[in-house]
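First comes the structure, then the notes that go with it.
The values are calculated or read from the model by the stated rules, or taken from the named source; none is laboratory data. Small disclaimer: the values here were computed from a predicted structure and weren't measured. Here the Cβ positions follow ideal geometry from the backbone for every residue, glycine too, while neighbour counts run over all protein chains shown.
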Amino acid sequence: MRVIVVDDEPVIADTLVDILTGEGYEAFTVANGHAAIHWARMILPDIIITDVIMPGMNGIETATVIKQFLPDCRIILFSGQAASIDLLEKARADGHEFEVLAKPIRPSELVLTLRPPPQRAYA
Amino acid sequence: MIGSLEGEVQVSNTRDRVASSVPPTNWPDSSSTGHSVQFYEDDSFLLDGLGRFIGAALGAGDAAIVIATKAHRDALVQRLKECGMDPSLGLMLGRFILLDAAETLSKFMVDGWPDESRFTQLIGDLLTATATQGKKRRVVAFGEMVALLWQQGNPEASIRLEQLWNDLVRMHSFHLYCAYPINCFSQEGDDELVQRVCAEHSHVLPAESYTSLVNEEERLRAVAFLQQKAQALVTEIQDRKKAQSDLRLREAELVDFLENAVIGMHWVSADGTILWANRAELDMLGYSRDEYIGHHISEFHADKAVIEDILQRLGRHEELHGYESRMLRKDGSTRYVRIHSNVLVHNGRFVHTRCFTVDITEHKQAEEVRARLAAIVQCSDDAIVSKDLNGIVTSWNAGAERIFGYKSEEIVGKSITMIIPPELQDQEPLILAKIRRNERIEHFETVRLTKAGQRIDVSLTVSPVKDERGAIIGVAKIARDISEHKKMEQALRTTEKLASVGRLAASVAHEINNPLEAVTNLLFLAKRDISDRSKVEQRLDQANQELDRVTHIATQTLGFYRETSSASTVDLAKTLEGVLGLYARKISSRGINVIKEYGRKTEAKVLAGEIRQVLANLIANSIDAMPNGGSLRLRVSNSRSRNNGNQPGVRVIIADTGSGIRPESMKKIFEPFFTTKKDTGTGLGLWITRAIIEKHGGSIRVHSKPGISQGGTVFSIFLPEAGCDFDKTATPQTEPAERQDNQLWLVPKTEK
């Protein structure tokens with residue numbers, strides 16, 4: 001399983017990669033949305049965990065773009081603040097539904113969340 | 001025979017003195033030729049003389065022709081009979097001829113003028129026939145046709161007839177005797193006619209009052225008496241003339257007065273017909289005299305019932321005072337009038353009304369406007385109040401009663417200070433002074449007291465009331481109850497406060513959740529890699545740093561509110577010096593030139609820790625704004641508040657020559673979490689700074705000009721010397737904003 005972690009906080013990004021690697025994931029980290037899109041095209045990840053509020057492109061915009069060329073990729077928004085709720089509302093109004101995880105989350109819970117295959121309805 | 005006639009002479013009053021039983025001696029001799037004229041006052045006098053004259057002629061065997069009125073003819077015959085004569089014989093013989101004056105006259109008068117040939121023929125033939133009746137005799141004649149003409153108002157014809165008689169007298173040699181009642185000549189100016197009549201006669205016999213006098217002495221006395229009487233009459237005539245002239249003048253003045261009076265007047269007959277109207281009345285209604293006078297008054301009234309009532313009342317001889325009605329103008333418009341009228345009654349008979357019509361249209365219209373305005377004022381929700389220049393209430397509308405609880409009668413005549421709270425009594429003289437300077441006060445928000453003692457927020461608009469000449473005579477005041485509005489504002493502010501707390505919470509969440517996520521991960525990894533000591537240590541160090549971040553944020557946001565240290569008197573210049581020391585290395589490394597201007601008496605009672613935080617924050621901002629050096633000017637001075645009653649205090653000014661604040665950012669700098677320093681700023685510094693200053697009852701303002709070379713920012717803080725009661729909710733102060741061309745002063749929003 002290939003995972004890209006997108007976060008402008010290097011400590012969070014680095015520790016997550018370390019944790020996920022330890023759980024057997026093939027994890028990579030990038031610091032912003034543009035880099036995430038670039039690397040997603042390159043390595044075709046199964047999962048993307050992205051911060052929402054970031055300088056430049058925010059997490060929702062990033063997720064929306066990646067969804068277009070990687071429809072099967074599981075994208076999880078990882079947010080630490082209420083402001084992101086407004087952004088999610090807007091994305092929902094535009095027809096995009098994303099999984100959301102709230103910071104902080106215990107690593108064991110995160111791992112559990114990642115483990116089951118994504119429940120997606122195929123039309 | 002003659003003597004028996006004398007008893008019948010009727011003389012009266014003044015004539016008694018000269019009356020005498022002796023017969024007059026001046027009667028013409030009937031045997032002579034001539035033309036005598038007798039003036040007489042009384043018929044009996046004429047008939048006495050005539051009787052003697054005719055009687056003598058007949059007695060002497062002469063012929064007599066009498067042309068007289070029937071009354072005179074009958075009386076003459078009676079006289080002659082009483083004298084023992086029988087005139088019937090003479091009549092029978094044609095020696096005595098009696099003719100009717102009017103009838104005879106009609107035989108020769110043509111178009112009011114005696115026709116000479118007809119007259120000569122008629123009378124001449126008569127004379128000839130009479131004179132030759134039987135044998136030739138002398139003839140005497142008496143004629144009254146001239147008197148008749150005179151009495152008919154044709155004196156010229158009368159004189160002409162006298163002349164025609166004269167011609168006959170010359171032709172036929174007889175004596176003609178004619179007579180005029182003296183009252184034919186009673187008019188002034190008749191003297192000339194009397195002279196002309198006399199000129200046509202050979203003998204003039206005055207009226208009996210003179211003629212009847214006996215001797216020369218009495219006649220002279222009578223002349224003197226008559227002269228005196230004539231003089232008295234002349235005088236009386238002059239007086240009368242004067243009086244008449246005065247009367248005419250007076251009448252003309254009265255007519256002019258009525259005609260040109262400014263009030264409409266008219267007379268109306270009992271049946272309602274207009275008999276007379278003056279110019280003012282015609283002008284008021286726009287009719288000409290003919291279009292108005294002669295018409296029925298009700299044609300000109302708009303309300304028929306009203307004019308009928310007026311006429312009925314006047315018909316009962318009532319007097320009308322100020323009866324209001326509407327009259328119709330010729331142009332179709334109506335005029336409001338007030339009618340005063342009564343009736344001229346003569347011998348119980350209604351002669352005409354005396355109506356005075358006053359046009360009150362303008363007055364009525366003004367009254368309507370006034371009434372409309374009064375109604376607007378009365379039903380206004382706002383309190384509309386007028387007072388004089390001493391602040392005494394002169395009017396008080398329903399809105400004022402509702403808002404302040406005082407009834408109009410409770411407060412009119414009393415001072416407006418009744419509704420001003422004790423601590424705001426100073427306002428009234430200031431307001432009145434402004435009004436006296438002809439200035440308006442608009443939407444002045446203040447507090448007033450109701451009758452129940454409740455304080456209410458009001459917005460006042462006060463303006464001067466002027467008379468026609470522009471002199472200020474009073475004050476009009478509109479007060480709007482803004483208590484509800486204030487409450488809503490307060491609620492809104494609370495909502496805003498809650499929202500800002502919400503925003504704070506959201507930001508705090510972001511600032512805290514990220515480090516917490518990091519710490520959680522680091523602890524997970526430390527536990528996972530517990531056997532690798534160096535790795536664990538590295539993870540725990542990182543976790544410590546993340547926790548420091550959390551602590552820092554918590555201190556900055558929440559710590560401020562937990563400050564409990566008590567206020568103390570602090571020298572702000574020294575505090576500033578201390579803060580400056582913390583940044584000494586940074587200042588020197590950037591090459592920033594610090595200019596210090598510390599005045600004396602710079603102590604104020606403050607919460608030292610918080611003020612240190614404020615100064616540190618502002619200095620740090622200034623240093624950040626000058627990465628490539630510049631000047632930092634620090635001024636601490638004893639000062640006074642610009643907006644709070646000259647309250648003494650200390651002003652700290654921190655000015656830099658840095659990059660300045662962009663105008664679009666200016667609005668937000670005191671908002672929480674607004675920052676232009678992406679990596680290093682929390683966006684809480686100025687927000688907290690403002691909160692602290694407000695808590696101290698001070699004020700803060702900023703002036704900034706963005707730009708690389710000429711930019712800069714000036715923060716000015718004022719702190720009251722005495723501090724304030726920090727336990728109570730502080731009343732923050734805002735200083736009035738000043739705006740200059742290229743300067744932008746921003747005054748933070750304050751909360752009351």
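Numbers for the structure displayed
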quantity: Scan of the stretch B:511-525 for residues that are over 16 Å from A:THR50 (Cα atoms), at the interface with another protein chain (Cβ under 7 Å from one of its Cβ atoms) and in contact (Cβ under 8 Å) with a residue 12 or more places away in the chain, ordered by number; calculated: B:LEU516, B:LEU522, B:LEU525
quantity: For A:TRP39: the one exception among (1) out of contact with any Pro (no Cβ under 7 Å at 6 or more places or on another chain); (2) more than 14 Å from chain B (Cβ to nearest Cβ); (3) within 30 Å of B:ILE530 (Cβ to Cβ); (4) surrounded by fewer than 19 Cβ atoms within 10 Å (Cβ to Cβ); calculated: (3)
quantity: Considering residues of the stretch B:172-189 that are part of a loop (DSSP other than H, G, I, E, B) and on the phi < 0 side of the Ramachandran plot only, the residue modelled with the highest pLDDT; calculated: B:PHE174
quantity: B:GLN556 vs. criteria in a helix (DSSP H, G or I), modelled with pLDDT of 90 or more and in contact with a Leu (Cβ under 9 Å, 6 or more places away or on another chain); calculated: no
quantity: B:GLU116 under 23 Å from B:ARG196 (Cα atoms) and surrounded by 19 or more Cβ atoms within 10 Å (Cβ to Cβ); calculated: no
quantity: Of residues in the stretch B:528-543 being among the charged types (D, E, K, R) and more than 18 Å from A:SER108 (Cα to Cα), the one surrounded by the fewest Cβ atoms within 10 Å (Cβ to Cβ); calculated: B:ARG533
quantity: Hey, B:GLN538 assigned to a helix (DSSP H, G or I), out of contact with any Cys (no Cβ under 9 Å at 6 or more places or on another chain), at pLDDT 70 or above and more than 10 Å from chain A (Cβ to nearest Cβ) or not; calculated: yes
quantity: Given (1) more than 13 Å from chain A (Cβ to nearest Cβ); (2) modelled with pLDDT of 90 or more; (3) surrounded by fewer than 20 Cβ atoms within 10 Å (Cβ to Cβ), index of the condition B:ALA567 fails; calculated: (2)
quantity: Residues satisfying the stated conditions in the stretch A:23-44, i.e. assigned to a loop (DSSP other than H, G, I, E, B) and in contact (Cβ under 8 Å) with a residue 24 or more places away in the chain; calculated: A:GLU23, A:TYR25, A:ALA31, A:ASN32, A:LEU44
quantity: Among residues of the stretch B:589-607, those that are at pLDDT 80 or above and over 19 Å from B:GLY649 (Cβ atoms), counted; calculated: 7
quantity: Looking only at the stretch A:1-22, and only at residues there that are within 10 Å of chain B (Cβ to nearest Cβ) and part of a loop (DSSP other than H, G, I, E, B), the one that is nearest to B:LYS535 (Cα to Cα); calculated: A:GLU9
quantity: Pair list, Cβ < 8 Å and 6+ apart or interchain, from the stretch B:466-483 residues that are closer than 15 Å to B:LEU432 by Cβ to residues that are of a type in the set (D, E, K, R) and part of a loop (DSSP other than H, G, I, E, B); calculated: B:ILE473/B:ASP388; B:ILE473/B:ASP467; B:GLY474/B:ASP388; B:VAL475/B:ASP388
quantity: Elements of type strands (runs of 3 or more DSSP E) contained in the stretch A:45-123, each with 1 or more residues being crowded, with 16+ Cβ neighbours inside 10 Å, modelled with pLDDT of 85 or more and more than 14 Å from chain B (Cβ to nearest Cβ); calculated: A:47-51, A:74-79
quantity: Neighbours by Cβ (under 7 Å, 6+ apart or cross-chain): first from the stretch B:415-444, of a type in the set (A, V, I, L, M); second in a helix (DSSP H, G or I) and modelled with pLDDT under 90; calculated: B:ILE416/B:GLU428; B:ILE420/B:GLN427; B:ILE420/B:GLU428; B:ILE441/B:ILE431; B:ILE441/B:LYS434
quantity: Yes/no for A:ALA27 being within 13 Å of another protein chain (Cβ to nearest Cβ), buried (at least 18 other Cβ atoms within 10 Å of the Cβ) and either over 28 Å from B:GLU511 (Cβ atoms) or out of contact with any helix residue (DSSP H, G or I) (no Cβ under 8 Å at 6 or more places or on another chain) (or both); calculated: no
quantity: Qualifying residue in the stretch B:620-640 (condition: under 18 Å from B:ASP571 (Cβ atoms), assigned to a helix (DSSP H, G or I) and modelled with pLDDT of 85 or more); calculated: no
quantity: Test: residue in the stretch B:176-193 that is polar (S, T, N, Q), more than 24 Å from B:ARG73 (Cβ to Cβ) and touching a residue at least 12 places away in the same chain (Cβ under 8 Å); calculated: no
quantity: Selection count, the stretch B:461-508, where residues are surrounded by 12 or more Cβ atoms within 10 Å (Cβ to Cβ), among the charged types (D, E, K, R) and at pLDDT 80 or above; calculated: 4
quantity: Scope the stretch B:593-615; condition free of Cβ contacts under 8 Å to residues at least 60 places away in the same chain and either in a strand (DSSP E or B) or of a type in the set (Asp, Glu) (or both); matching residues; calculated: B:ASN593, B:VAL594, B:ILE595, B:LYS596, B:GLU597, B:TYR598
quantity: Residues satisfying the stated conditions in the stretch B:356-402, i.e. part of a loop (DSSP other than H, G, I, E, B), among the charged types (D, E, K, R) and crowded, with 17+ Cβ neighbours inside 10 Å; calculated: B:ASP382
